[in-house]
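Asks: Take a look at the following structure, please.
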Amino acid sequence: MVGRIAGPSMGGVLLDSLNSGALVFTIIGGIALLAIPSFYLSNRLKKERTIHAIIQSD
């Protein structure tokens, strides 16, 4: 609930404080690109834990 209000508010403040919106969108794009390997790694770790749990239950 708080994120729905805080996210756009903080984005507006960033766009107002920086004269160029390109810098803000570059930062956001960089964060999004860093998220891709994070999602891949977490999915891989989840699969490995599931496999280990199946093996240990047998």
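The values are calculated or read from the model by the stated rules, or taken from the named source; none is laboratory data. Everything numeric in this text was worked out from a predicted model, so none of it was measured. Glycine also receives a Cβ, built like all others from the backbone with ideal geometry; neighbour counts cover every protein chain displayed. Heavy atoms of the whole protein, side chains included, go into the accessibility calculation; ligands, DNA and RNA do not. Shrake-Rupley method; radii C 1.70, N 1.55, O 1.52, S 1.80 Å.
Asks: Using a 1.4 angstrom probe with every protein chain in place, what is the largest-first accessible-area order of Leu33, Leu45?
Replies: Order by accessible area, largest first: Leu33, Leu45.
Asks: On to the next question. How big is the shadow of the Cα convex hull of the chain, averaged over all directions, in nm²?
Replies: 5.7 nm²
Asks: Over the chain, give the accessible area per residue in Å² for a 1.4 Å probe, as an integer.
Replies: 92 Å²
Asks: With each pseudo-label sitting 7 Å past Cα toward Cβ, what's the Ser57-Ser38 distance in nm, one decimal?
Replies: 3.0 nm
Asks: Next up: In the full protein assembly as shown, how much of Thr50 is accessible to a 1.4 Å probe, in Å² to the nearest 10?
Replies: Spelled out: Thr50, probe radius 1.4 Å, area about 70 Å².
Asks: Give me the number: length gained by fully extending Glu48 to Met10, i.e. 0.36 nm times residue separation minus the C-alpha to C-alpha distance, one decimal in nm.
Replies: Working: separation 38, 0.36 × 38 = 13.68 nm, distance 3.76 nm.
Answer, rounded to one decimal: 9.9 nm.
Asks: Give me the percent of accessible area attributable to carbon and sulfur for the chain, probe 1.4 angstrom.
Replies: About 70 percent, which is the carbon plus sulfur part of the accessible surface.
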